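S.K.: Sharing a structure, written as structure tokens. Questions coming.
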Amino acid sequence: MTGASLIASGRVPSVMQIKRGFSPLELEEAEAKESTMTTPLTKLNNETEENNTNLTALMTDTRRAIALTTANFQALDLTPAQTIIEAVLAKPEVLSDRDLTFTFDIDFPREASDPRELSEIPEIRLWFLRLNAQYPWLPLYLDWESGELSRYTAMLVPHQFSPIDGIRYNPEALEIFVMSKVFTLDDWLREKGIDGRSSDGGVSRTRLKFMTQMLGYELDDALFNLL
């Protein structure tokens with residue numbers, strides 16, 4: 001059996017839609033109602049306490065939202081992502097939570113005449129390339145249902161975008177991306193003992209298979225027998 005026949009049992013869709021309306025980062029909520037006699041110092045203390053409470057809630061929930069601004073992209077600054085991700089890595093048991101997801105709230109203002117999608121902006125794509133190099137396992141924990149995996153893939157894989165049809169990945173580039181992730185994540189899952197895996201590798205790769213299915217690939221079990 002050739003390597004190509006092991007990659008997928010079905011054809012790769014030529015068109016994949018990117019869903020819009022990504023969840024915003026809720027680090028700051030509306031200020032509590034203050035009486036007319038509240039002093040500025042009291043307001044500041046209340047806001048600080050409220051923000052700390054919101055951040056704590058964000059970090060204890062299974063959903064991790066990463067807020068990114070134009071300044072982050074222009075400086076290739078991974079700090080917003082590192083802060084959230086490293087907090088998760090500090091508690092390895094959290095990685096075994098099947099409900100753990102990461103989302104990106106991207107604030108990158110553009111001129112009204114600018115027709116580009118976020119994945120077509122060089123500064124943003126370069127930022128995600130750097131993020132992917134540092135955390136290659138991240139796609140496994142993106143919020144797939146909200147379209148984060150499709151958008152993340154678009155940041156890394158050459159594609160064309162149509163306002164009508166959506167995004168069209170380059171088929172060969174997508175295949176290379178998917179298989180690269182399969183090899184990387186298979187080793188990473190085994191190392192971390194995640195998703196029911198044991199050190200001998202003789203267990204299910206269900207989570208990894210689901211991820212590749214989202215990109216149009218059905219992995220053959222024979223492929224894993226070669227790893």
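S.K.: What does the charge count near Ala71 come to, summing +1 for each Lys or Arg and -1 for each Asp or Glu among other residues with Cβ under 14 Å from its Cβ? Spell out each step's value before the answer.
M.R.: Numbers: positive: none; negative: Asp77, Asp107, Glu123.
So the environment of Ala71 carries a net charge of -3.
S.K.: For Asp99 and Leu129 in the same chain, what is the full-extension length gain: residue separation times 0.36 nm, less their Cα-Cα distance, in nm?
M.R.: Details: separation 30, 0.36 × 30 = 10.80 nm, distance 2.51 nm.
Result for the pair: 8.3 nm of gain on full extension.
S.K.: Note down the net charge around Pro80, summing +1 for each Lys or Arg and -1 for each Asp or Glu among other residues with Cβ under 14 Å from its Cβ. All intermediate terms of the calculation are to be shown ahead of the outcome.
M.R.: Numbers: positive: Arg64, Arg130; negative: Asp77, Glu86, Asp105, Asp107.
That sum, taken over residues with Cβ under 14 Å, equals -2.
S.K.: Starting at the first residue of region 172-185, write each ³J(HN,Hα) from the Karplus equation 6.51 cos²θ - 1.76 cosθ + 1.60 with θ = phi - 60°, in whole Hz, x for Gly and Pro.
M.R.: 5, 5, 5, 4, 5, 4, 4, 5, 4, 5, 4, 5, 5, 6
S.K.: Short version: ³J(HN,Hα) in whole Hz for each residue of region 207-214, in order, from phi by Karplus 6.51 cos²θ - 1.76 cosθ + 1.60 (θ = phi - 60°), x for Gly and Pro, what are they?
M.R.: 5, 5, 5, 4, 5, 5, 5, 5
S.K.: Roughly how many Å is it from the Cα centre of region 73-117 to that of region 162-177, as a whole number?
M.R.: Answer, in whole Å: 22.
S.K.: Turning to a different aspect of this structure: Amide H to amide H, which residues 5 or more places from Ala65 or on other chains are under 5 Å from it, using H placed in the peptide plane?
M.R.: Thr103
S.K.: Report ³J(HN,Hα) in whole Hz for each residue of region 129-136, in order, from the Karplus equation J = 6.51 cos²θ - 1.76 cosθ + 1.60 where θ = phi - 60°; Gly and Pro get x.
M.R.: Per-residue couplings from phi come out as 4, 5, 4, 4, 5, 7, 10, x Hz.
S.K.: For a quick check: with amide H placed at 1.01 Å from N, whose amide H comes under 5 Å from Asn170's, ignoring anything fewer than 5 positions away on the same chain?
M.R.: So Asn170 has HN proximity to His159, Gln160.
Read-outs throughout are calculated quantities, based only on the coordinates presented, and are distinct from any laboratory measurement. Here the structure is a predicted model, which means the values were calculated and not measured. Neighbour counts run over all protein chains shown; Cβ positions are idealised from the backbone, glycine included.
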